[in-house]
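**Student:** I have a structure here, written as structure tokens, and I will follow up with some questions on it.
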């Protein structure tokens, strides 16, 4: 029988995977995608191997997406799941299941074959992991209240390149609307002591047709990097996204979507509805809206399932996990940092001291 301590040790070991990869013709090592050169490069001997990176992604019919017409077929990579935070990542493109990019723990194990839609588009990484690490350190230094331990201990081990899933949608829309809007006016009424200003509203009934065209409405499809975080590190050049090829993923991880294309399309329609309403109201002069009913039909709806380049940083401070994110194309960094109570108290004390000094000088002048 296996003792409890031995069982725990076995469970904590990450599963190593014989990854699907391209071997270097010079030394036999696994080739990885080089963001700077946009080629496959051997990390050991520096040999290069080109592949077609100039093929742009095509729009796909949303009807096919709903019918899983763009499935993986026989080309199904495997999924690995983190026991700690439940992140599901694809790790068989030149990587082994060592640590989770989101929480940094080693409890990552193979779970199942990947189901659902296959990506058809990629926004490639343009900056290297080393550059992302430097940008993360510069960002951390500017966090006024971040503790010194956080700023000093950001290292390569806790900054990982991950392709994050999203859907983009195109649609031509025709909207029929009717509503009631108003504009506030003032007038002087009465005379003498009864003279006063009166506020009133002139209401107007509106109706008509409004046409719009939407291109690449971006909707996040993964719960580990929410829409708000994705928006913070945007933009991503999805209009010039490349045709999906697994070579782009060599040396990186890929985070599979856990929000269906149907739900993402619902969110996209919500984004479009908001823009349509604003466009309709921009035709009029108003300051009040009693109601506005809009009925919209969508034509020629297409989508892309795009993998976005994101460097994910994780840092544990006082038993709490903090994540920060780097746009793998632009280098934009956003995230949360721990806060040092002593730095906050010192800053408050300094501000109070300055304020009291100003009051003293004012009173004694």
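**Student:** Limited to the stretch 50-87, what total is found for residues that are within 25 Å of residue 171 (Cβ to Cβ) and at pLDDT below 70?
**Tutor:** 4
**Student:** Could you check how many residues of the stretch 190-205 are in contact with a strand residue (DSSP E or B) (Cβ under 7 Å, 6 or more places away or on another chain) and more than 21 Å from residue 288 (Cβ to Cβ)?
**Tutor:** 3
**Student:** State yes or no: is residue 331 at pLDDT 90 or above and either loosely packed, with under 14 Cβ neighbours inside 10 Å or in contact with a helix residue (DSSP H, G or I) (Cβ under 6 Å, 6 or more places away or on another chain) (or both)?
**Tutor:** yes
**Student:** Quick check: anything in the stretch 197-208 part of a strand (DSSP E or B) and under 37 Å from the mean Cα position of the chain (by Cα)?
**Tutor:** yes
**Student:** Residue 324 versus (1) part of a strand (DSSP E or B); (2) at pLDDT 95 or above: which is the lone unmet condition?
**Tutor:** With (1) part of a strand (DSSP E or B); (2) at pLDDT 95 or above applied to residue 324, the lone miss is (2).
The values are calculated or read from the model by the stated rules, or taken from the named source; none is laboratory data. Source: prediction; values computed, not measured. Using ideal geometry, Cβ is built from the backbone for each residue, glycine included, and neighbour counts are taken over all protein chains shown.
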